Amino acid sequence: MSAKDMTRRRFLRTTAAGTTGISLAGPTIFAAAAASESAKPAILGGKPLRTGKSPSWPVIGEGDDEAWTNVFHARKWFNDTVVQEFEAKYAALTGTKFCVATNGGTTALQTSLVAVGVGPGDEVLVPPYTFVATVNVVLLQFAIPVFVDTDRQTFQIDAKKLEEKITDRTRCILPVHLGGNPADMDTILAVAKKRNLPVVEDACQAHLAEWRGKKVGSLGDTGGFSFQVTKNLCSGEGGAIISNNEQLIDRCFSFHTNGRERSKAGSFSYQHSGTNVRMTEFQAALLLRGMTRVEKQSQTRSENAAHLTAQLEKIPGISPAKMYDGATRNAYHLYMFRYDKDQFAGLTRDKFMRALSAEGISCMKGYSPLNKEPFLKDTLYSRGYLNVFPRDYVDKYFKNSECPENDRLCEEAVWFTQTMFLGTKSDMDQIAEAIRRIQANAAAVAKA
Ligand SMILES: *Cc1c(COP(=O)(O)O)cnc(C)c1O
């Protein structure tokens, strides 16, 4: 961490402590927490528990502006040495042989689907609990996203239910490591092998997450990452595809730069059809800087998340997302838990979240069921789609797209975002204390 970051972090911490009147010394915080547990919740007029801010994001470190202006002044703004350096270093970081940088995570995934041969008329297995882009990339290929229900314990695709969804049309499995928590790759890869299907990992939220010690994104045929500004490694917009398969990377490269051959990158030699979804030198320069911090930040998130989980697990009605046995590292892009209102005197999730926000702790309720989004019907009953899929196929598709576990999860989920986990352990203590305080006063909060 740079000196500037240190100073800003210390400033934020001091500000937080100053305005809440809580001493920075560890033991004092615990004493304060214990004494104020049944204090009046902020939503009922009490004093907000937390008035400090989350660490700011994106982080700007020392040397970042120089890296950026070097590109600017060199007037080499287009795919040149910096993008290539980034690709080499990102491949190394993820333990893969090859990387192609793109202008976003969506385009990284779309390019991957093209490379593994997903096209019109195909089905792709996807989770319903994900960002919309996971599904949009399937639709961009005039293929059909077939939803496999969610494992509510982990918030991930329920890999045990993959096989029952496979048909003659199935062409690919597209698992997501949602929130940075690895999906069950043992089961996914076993099904893929047995049924001879490629796997494209959506690792857009999972930088540095690991399955049995290997970086996610490197286990499937390809893995796609996003560097959109909210992601754990970011450059405003940006993306990357990683793979150990050179043939697939050749195809990804070609598609991402209007069909040029990878071996003749700058030429007018067109190998395939394609598009232009290239990364700029500016994005690559920021990412190379960000990569000097990403490991440390990731460790900080993990330590803080573990500290929070140890406390939240003790609160009845709060169930942090579990990790599979094979998940050896979680990226904590999101910290996700399930909320059971029965343990909070019937206090609805919305009101619980409002009470938490009033304490100065911001949270989100997360996704709504993607398989029920109206845009799916608009798309699949469109002229183009009906040219590819018979109408009775589409009718049947909507009849069979229920995901009851996921529906339930969407009603129960609460998220914290990654930036909160770049702070201190006492930030975590405050989150836990706020939840305990709301629980202790749940009946009164419910009535208010
Ligand atoms: C962010 C994200 C994407 C898309 O990445 P962009 O860079 O925004 O295009 C895809 N899938 C998931 C799960 C994401 O979180």
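The table that follows gives values for the structure above.
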{"read-out": "The lone exception for Gly217 - which of (1) of a type outside the set (A, V, I, L, M); (2) at negative phi; (3) at pLDDT 95 or above it fails", "value": "(2)"}
{"read-out": "Selection count where residues are at positive phi and of a type outside the set (Gly, Ala, Ser), scope the stretch 102-153", "value": "1"}
{"read-out": "Positions within the stretch 140-160 being over 24 Å from His333 (Cβ atoms) and open to solvent by 10 Å² or more (accessible area, probe 1.4 Å), in sequence order", "value": "Gln141, Phe142, Val146, Lys160"}
{"read-out": "Identity of the residue in the stretch 75-111, in a loop (DSSP other than H, G, I, E, B) and open to solvent by 50 Å² or more (accessible area, probe 1.4 Å), that ends up nearest to the ligand (Cβ to nearest atom)", "value": "Asn103"}
{"read-out": "Selection count where residues are under 21 Å from the mean Cα position of the chain (by Cα) and away from the ligand (no atom under 16 Å from the Cβ), scope the stretch 128-161", "value": "7"}
{"read-out": "Among the candidates Phe416, Phe398, residue that is of a type outside the set (Lys, Arg), part of a helix (DSSP H, G or I) and modelled with pLDDT of 95 or more", "value": "Phe398"}
{"read-out": "Unmet requirement for Asn276, which otherwise passes all of (1) surrounded by fewer than 21 Cβ atoms within 10 Å (Cβ to Cβ); (2) away from the ligand (no atom under 16 Å from the Cβ)", "value": "(2)"}
{"read-out": "So Gly95, is it in contact with a Ser or Thr (Cβ under 6 Å, 6 or more places away or on another chain) and at pLDDT 95 or above", "value": "yes"}
{"read-out": "Residue among Gly179, Gly217 that is assigned to a helix (DSSP H, G or I), in contact (Cβ under 8 Å) with a residue 60 or more places away in the chain and within 16 Å of Arg329 (Cβ to Cβ)", "value": "Gly179"}
{"read-out": "When residues of the stretch 202-247 are limited to those that are of a type in the set (Phe, Trp, Tyr) and out of contact with any Ser or Thr (no Cβ under 6 Å at 6 or more places or on another chain), the one surrounded by the most Cβ atoms within 10 Å (Cβ to Cβ)", "value": "Phe225"}
{"read-out": "Residue among Leu287, Leu308 that alone is outside the structural domain of Met353 (by TED's automatic domain parsing), at negative phi and part of a helix (DSSP H, G or I)", "value": "Leu287"}
{"read-out": "Selection count where residues are in contact (Cβ under 8 Å) with a residue 24 or more places away in the chain, more than 18 Å from the chain's Cα centre (by Cα) and more than 14 Å from the ligand (Cβ to nearest atom), scope the stretch 220-256", "value": "11"}
{"read-out": "Residue in the stretch 189-200 that is under 21 Å from Lys296 (Cα atoms) and either out of contact with any Asp or Glu (no Cβ under 8 Å at 6 or more places or on another chain) or hydrophobic (A, V, I, L, M, F, W, C) (or both) present", "value": "no"}
{"read-out": "Residues of the stretch 322-345 classified as outside any strand (DSSP E or B), open to solvent by 10 Å² or more (accessible area, probe 1.4 Å) and away from the ligand (no atom under 16 Å from the Cβ), total", "value": "9"}
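Residue-wise test of (1) without any contact (Cβ under 8 Å) to a residue 24 or more places away in the chain; (2) surrounded by 17 or more Cβ atoms within 10 Å (Cβ to Cβ); (3) under 23 Å from Asn232 (Cβ atoms).
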residue: Gly384; (1), (2), (3): no, no, no
residue: Asn387; (1), (2), (3): yes, no, no
residue: Asp392; (1), (2), (3): yes, no, no
residue: Pro404; (1), (2), (3): no, no, no
residue: Glu411; (1), (2), (3): no, no, no
residue: Thr417; (1), (2), (3): no, yes, yes
residue: Arg436; (1), (2), (3): no, yes, no
residue: Val445; (1), (2), (3): no, yes, no
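The values are calculated or read from the model by the stated rules, or taken from the named source; none is laboratory data. Model, not experiment: these values are computed from the prediction. A quick note on method: Cβ atoms are made from the backbone with ideal geometry, for glycine too, and the neighbour counts reach across all protein chains shown. Each accessible area value is taken on the protein alone, full model and side chains, heavy atoms only, with ligands, DNA and RNA left out. Shrake-Rupley method; radii C 1.70, N 1.55, O 1.52, S 1.80 Å.
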